[in-house]
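Here the structure comes first, spelled out in structure tokens, and everything after it is commentary.
The values are calculated or read from the model by the stated rules, or taken from the named source; none is laboratory data. The model shown is predicted, which means the values in this text are computed figures rather than measured ones. Every residue, glycine among them, receives a Cβ derived from its backbone with ideal geometry; neighbour counts consider all protein chains shown. With ligands, DNA and RNA removed, areas are computed over all heavy atoms of the protein, side chains included. Shrake-Rupley method; radii C 1.70, N 1.55, O 1.52, S 1.80 Å.
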Amino acid sequence: AKDNAILINHAMTGWSDVPGWWPNMVGPGLPFDTDKYFIVCPNVIGGCQGSTGPASIAADGKPYGSRFPVLTIRDMVAAEIAFSDAIGIDKYVLAAGPSLGGMRSLEWAISHPDRVGAICTIGSSAVATGDQIGTASIQIRAIKSDPHFYNGDYYGEKIGPVEGMGIARRIAHLTYRTESEMDVRFGRQLQGDDTGRYAVASYLDHQAQKLAKRFDANTYICLTEAMNSHDVGRGRGGVVAALESITVPTVVVSISTDRLFPPRLQAEIADLVPVAEPLISINSDFGHDGFLLESEAVGEAISLALDVAT
């Protein structure tokens, strides 16, 4: 199995159970075909659903909390390399991922070209933009402003920063979808309950509650800050030089309506990587979340990436 392994780099709030967050993608006869390939998806370091993160217990027997170190995308890839070594995988057929996962896939191609046969980066970028950092910084501020944040050391408290985390998720979710979808789907409708809420506000409340049940606020900050720090050109002579150095077959996928990672960011990767396939653009009404919802089109891109893998 270890000669035909595929590495899936999950998105920010994804985790190791790929079918749980990326439906219709993994299984017999599906794009990540478990009859043909050994599928691996480690939980990202800094995460809260597997690998060491801020909620993990430190050497002194207490959660890391505020003491957890700042991580970069490169640190995450270094951990994925250590994990791959530990389970005996020398080279993956493909490293593929959306969003934060696409950042890591790109980093694999630059840092470890000998360890991967091809990459597929979906709805991602070579460098974090000012707009992304701006939106993300407000989300982090929301969490840190929660009176129950306790500077990140809330693990022993009765209540954690659930409200701040919820506000962060509501802001994020709007960036994941599109203006037109929100208007067509909800418009000015009221929810029709005794709260007097607009339907769109109720929808965002639901998204916030859903994430708060399974996700740690410190992890949310940690992974968001890592994405803000993303810059393949750091220490490599700039983004252009870094992308031009890639020798691994590269499939780049953009989602036409993505307002968090607009298509120009994927076009930049496809234009500058000498061995990149022509940019694949997926038409979707769902914005950044198109990578989750357009499984047929994304599956075709994965098939192409497996075809070009060396």
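Listed values, structure above:
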quantity	calculated
Listed residues Val162, Val18, Val200, most fluctuating in the chain (Gaussian network, C-alpha, under 10 Å)	Val200
Contact order normalised by residue count of region 157-277, Cα under 8 Å, 6+ apart, percent	23
For region 207-310: rounded, prolate or oblate by the Cα gyration tensor [a/c cutoff 1.5]	oblate
Calculated from backbone phi, Karplus (6.51, -1.76, 1.60) coupling profile of region 194-199 in Hz, x at Gly/Pro	7, 7, x, 6, 5, 4
Net charge, Ala168 excluded, C-beta distance under 13 Å - Lys, Arg +1, Asp, Glu -1	0
Choice from Asp193, Asp285, Asp17 showing the highest fluctuation, given a GNM over the chain with Cα pairs closer than 10 Å	Asp193
From phi via Karplus (6.51, -1.76, 1.60), per-residue ³J(HN,Hα) for region 249-258 in Hz, x at Gly/Pro	x, 10, 10, 10, 10, 10, 10, 3, 9, 5
Solvent exposure of the chain as accessible area per residue, Å², 1.4 Å probe	43
Rounded to 10°, Cα long-axis angle of helix 295-308 versus longest principal axis of the chain	30
Sum of -39500 (n - 2.57) over DSSP H runs of 4+, divided by residues of the chain (222 nm, nearest 500)	-12500 deg cm²/dmol
Shape of region 31-75, Cα gyration tensor, a/c cut at 1.5	prolate
Order by protection proxy (mean Cβ within 10 Å, highest first), peptides 113-122, 273-282	113-122, 273-282
